[in-house]
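Bear in mind that the values in this text are calculations on the coordinates, not laboratory data. This is a predicted model, so every value here is computed, not measured. Cβ placement follows ideal geometry from the backbone for every residue including glycine, while neighbour counts extend to all protein chains displayed.
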Amino acid sequence: MQLISLKDKLGTRQLPTAEILLNGCRAYLISEVGKGIKDSAAMLNVTRLYTAGTAVGYMRRMLALARDYADRRQVFG
């Protein structure tokens, strides 16, 4: 295994993104020959939808908490 380059990216720097070369590593065919990207893209789309849905759910929860706090808060008597 050889590290090709560490990408300089915006966003989360605690999780670096790199390109690696996997010479001599054991690999298994998980799809038909020539259809790997197509099959992987379907899995990535499901992951993206799950991540987006989770983000929306958390935003809705935080908005509900903020509204509840604002409704209960009393200022200047």
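For residues that are more than 30 Å from the chain's Cα centre (by Cα) and among the small types (G, A, S), scanning just region 52-77, find the one that is surrounded by the most Cβ atoms within 10 Å (Cβ to Cβ).
A70
Could you list, in sequence order, the residues of region 63-77 that are assigned to a loop (DSSP other than H, G, I, E, B) and not aliphatic (A, V, I, L, M)? If you could, list the steps in order and put the result at the bottom.
Residues of region 63-77 that are assigned to a loop (DSSP other than H, G, I, E, B), as a first pass: 73-77.
Listed by number, the residues that qualify are R73, Q74, F76, G77.
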